[in-house]
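The values are calculated or read from the model by the stated rules, or taken from the named source; none is laboratory data. This one's a predicted model, so the numbers in the text were calculated from it and none came from an experiment. Backbone-built Cβ (ideal geometry, glycine too); neighbour counts: all protein chains shown.
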Amino acid sequence: MKYEAVKNYYNGQFFESAATESLDVVSPIDGNLLSRVPMSPVGELNAAVASAKTAFEGWSRTPIKERVQVFFKYRYLLEKNFDELTALVSEENGKTWDEAKAEVEKSIELTEFACSMPQLVSGEILEVSKGVECRTEHFPLGVVASIVPFNFPLMVPNWTMPNALVLGNAMIMKPSELVPLSCLRMAELLKEAGLPDGVFNIVNGGKEIVAGICEHPDINAVSFVGSTRVAKIVYRAATANLKRCVALGGAKNHLFVLPDANPTMTATNVTASMSGCAGQRCMAASAMLAVGDVDPIIDGICAEARKVVPGVNLGAVISKAAKERIEGYITEAEKAGAKVLVDGRGAVVAGKEKGTYVGPTVIDHVTPDMSVAREEIFGPVISIMRTKTIDEAVRIENANPYGNAASVFTQSGGLARYIMEHASAGMVGVNIGVPVPREPFSFGGWNDSRFGANDITGKSSIEFWTKLKKTTTKWNPEAGINWMS
């Protein structure tokens, strides 16, 4: 075991869990044992919440200009430990070095945005009547929780943590039991940056801890990122307990490829979108809607896909179970009559035979009723559905229950605008395979890809992580009384 057993973190200290059950943390790259993570009992969640509740009193009263200084230092420490963090993300998640590096870079960008919060939450003031002023101020919620997934061990925790803490909250974070190491390192860097003890806390575990977070009376808001099935469970449980909740679920992102699309740009973007991070991201291209004759572009996608080599420029999928599930989708589609143009099944990397790899896979002549067309695969697989018209393609996209992202590849502004308006997705790209908004714009889809109001990232996250106080004042009795005062 390369690292010591994972511990929980609260009140500024690491505590060994009293859990009777633990899970192995295995590197998808080579199957080596990295650590063991405890399935903590709910009592340890209670201890962490008590720590956060105590710390909140002082942290929330600290002026935001002072709170943000911790995150200037934290940003510096992310840069100082850049290579170490990159290696850790790659090791526990299976990403390539460049993908892990990009994740650390994005974490730095997210922190930079949090450092701008003092300029974004200054409030408003207006004289609404003679001598009468109205003003608004943002106040923190209290103790909040963030439940994060395996596919971005560092970036997604930094979606929520910097904004929520700069805005004055204290946080409980529940990492994925598959990738708990990056979160623990994040906690160490926050302490080094000067974050007061108890403001940030980590409780490791499984379903019991998730349920405990949703039910705990002292947790006021819950954010979740993961599968749609679990997002629905978390959202219902949290809101049933009268908490704020935003739960981001899965996706089935559709790329509309039109005959006038630039062949080279389209082929490279589509391939990068479906294979980047081994397809394990909710913004990955999963379904391609080929409108009309786009065979030359499909040939280009296949040629680009063959350049993506497992263990070289394609990372591993998270586990053996994930590999088997992804390959099962491919086999099922082939048996149903689809044609596998590029086959990634059975991928093995020399010297890393215990790693869990799936090669890039392109499946043509998929029909909308097939599981590869309807369900989130979460692997480096793209399913091509052929349509005669744009409206037919739009109907297929609209019929899918997810609504995270959609992209269109075309050189026609009018056609691009038509699909932008008609695609049922919260994030849309034009000639961009992964249309992730950059700060200050927030991340979030529609339909079964997202449950709850507001966002957990970007400028609109302010509304989620704070409550608004409105104050009306009048000091001049000579002004008299009218209908506004």
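The sole residue among Ser223, Ser227 that is closer than 28 Å to Ala305 by Cβ, outside the structural domain of Thr387 (by TED's automatic domain parsing) and not aromatic (Phe, Trp, Tyr) is Ser227. Taking the criterion of being touching a residue at least 60 places away in the same chain (Cβ under 8 Å), more than 21 Å from Glu16 (Cβ to Cβ) and either polar (S, T, N, Q) or in contact with a helix residue (DSSP H, G or I) (Cβ under 6 Å, 6 or more places away or on another chain) (or both), the residues of the stretch 38-76 that qualify are Thr54, Ser60, Thr62, Ile64, Arg67, Val68, Gln69, Val70, Phe71, Lys73, Tyr74.
Would you be able to say whether some residue in the stretch 448-459 is surrounded by 15 or more Cβ atoms within 10 Å (Cβ to Cβ), part of a helix (DSSP H, G or I) and free of Cβ contacts under 8 Å to residues at least 24 places away in the same chain? No; the residues of the stretch 448-459 include none that is surrounded by 15 or more Cβ atoms within 10 Å (Cβ to Cβ), part of a helix (DSSP H, G or I) and free of Cβ contacts under 8 Å to residues at least 24 places away in the same chain. Looking only at residues of the stretch 1-22 that are in a loop (DSSP other than H, G, I, E, B) and in contact with a Leu (Cβ under 8 Å, 6 or more places away or on another chain), we find that the one that is modelled with the lowest pLDDT is Met1. Residues in the stretch 28-42 that are within 23 Å of the chain's Cα centre (by Cα) and polar (S, T, N, Q): 0 in all. Exactly one residue among Ala47, Ala114, Ala100 is touching a strand residue (DSSP E or B) at 6+ places or on another chain (Cβ under 9 Å) and hydrophobic (A, V, I, L, M, F, W, C), and that residue is Ala47.
Looking only at residues that are among the hydrophobic types (A, V, I, L, M, F, W, C) and touching a Cys at 6+ places or on another chain (Cβ under 9 Å) in the stretch 177-226, which one is nearest to Phe14 (Cα to Cα)? Write out each step before concluding.
Applying the first criterion (among the hydrophobic types (A, V, I, L, M, F, W, C)) to the stretch 177-226 yields 178-179, 181, 183-184, 186-187, 189-190, 193, 195, 199-200, 202-203, 209-211, 213-214, 219, 221-222, 224-225.
Filter once more, so that each one left must be touching a Cys at 6+ places or on another chain (Cβ under 9 Å): 202, 214, 221-222, 224-225.
On the way: Ile202: 9, Cys214: 23, Ala221: 24, Val222: 23, Phe224: 24, Val225: 25 Å.
Ranking the qualifying residues of the stretch 177-226, first place goes to Ile202.
Only a single criterion out of (1) surrounded by 17 or more Cβ atoms within 10 Å (Cβ to Cβ); (2) in the same structural domain as Ser319 (by TED's automatic domain parsing); (3) not in a loop (DSSP other than H, G, I, E, B) is not satisfied by Ile462, namely (2).
For Val436, the criteria (1) out of contact with any Lys or Arg (no Cβ under 7 Å at 6 or more places or on another chain); (2) at pLDDT 95 or above; (3) within 25 Å of Thr160 (Cβ to Cβ); (4) surrounded by 14 or more Cβ atoms within 10 Å (Cβ to Cβ) hold in every case but one, which is (2).
Does the stretch 371-392 hold any residues that are under 21 Å from Thr271 (Cα atoms) and either out of contact with any Gly (no Cβ under 8 Å at 6 or more places or on another chain) or hydroxyl-bearing (Ser, Thr, Tyr) (or both), and which are they?
Ser371, Val372, Ala373, Arg374, Glu375, Ile382, Ser383, Ile384, Met385, Arg386, Thr387
For the stretch 29-78, the set of residues classified as touching a Ser or Thr at 6+ places or on another chain (Cβ under 8 Å) and of a type in the set (Phe, Trp, Tyr) consists of Phe71, Tyr74, listed by residue number. Please indicate, with yes or no, whether at least one residue in the stretch 314-332 is on the phi > 0 side of the Ramachandran plot and part of a loop (DSSP other than H, G, I, E, B). Checked against the condition, which is being on the phi > 0 side of the Ramachandran plot and part of a loop (DSSP other than H, G, I, E, B), the stretch 314-332 yields no hits at all.
Tell me yes or no: at least one residue of the stretch 393-409 is farther than 30 Å from Phe56 by Cα, more than 15 Å from the chain's Cα centre (by Cα), assigned to a helix (DSSP H, G or I) and among the β-branched types (Val, Ile, Thr). Break it down into steps so the answer makes sense when it comes.
First, pick out the residues of the stretch 393-409 that are farther than 30 Å from Phe56 by Cα: 393-409.
Imposing the further condition that a residue be more than 15 Å from the chain's Cα centre (by Cα) reduces the set to 393-402, 406-409.
Now restrict to residues that are assigned to a helix (DSSP H, G or I): 393-399.
Now narrow it down to the ones that are among the β-branched types (Val, Ile, Thr): 394, 396.
Within the stretch 393-409 (the criterion being farther than 30 Å from Phe56 by Cα, more than 15 Å from the chain's Cα centre (by Cα), assigned to a helix (DSSP H, G or I) and among the β-branched types (Val, Ile, Thr)), the answer is yes, since at least one residue qualifies.
Which residue out of Val349, Val342, Val317, Val291 is surrounded by 15 or more Cβ atoms within 10 Å (Cβ to Cβ) and under 23 Å from Lys388 (Cα atoms)?
Values: Val349 fails: under 23 Å from Lys388 (Cα atoms); Val342 fails: under 23 Å from Lys388 (Cα atoms); Val317 fails: under 23 Å from Lys388 (Cα atoms).
That would be Val291, the only listed residue that is surrounded by 15 or more Cβ atoms within 10 Å (Cβ to Cβ) and under 23 Å from Lys388 (Cα atoms).
Buried (at least 24 other Cβ atoms within 10 Å of the Cβ) and either modelled with pLDDT under 95 or in contact with a Phe, Trp or Tyr (Cβ under 9 Å, 6 or more places away or on another chain) (or both), is that true of Phe409? So Phe409 fits the description; yes.
Scanning the stretch 338-363 for residues that are among the hydrophobic types (A, V, I, L, M, F, W, C), under 14 Å from Ile326 (Cβ atoms) and in a loop (DSSP other than H, G, I, E, B) yields Ala347, Val358.
For the stretch 203-227, give me the residue count where each residue is outside any helix (DSSP H, G or I) and either surrounded by fewer than 24 Cβ atoms within 10 Å (Cβ to Cβ) or on the phi > 0 side of the Ramachandran plot (or both). Adding up the residues that qualify gives 8. The residues of the stretch 237-287 that are free of Cβ contacts under 8 Å to residues at least 40 places away in the same chain and not in a helix (DSSP H, G or I), listed by number, are Asn241, Leu242, Lys243, Pro259.
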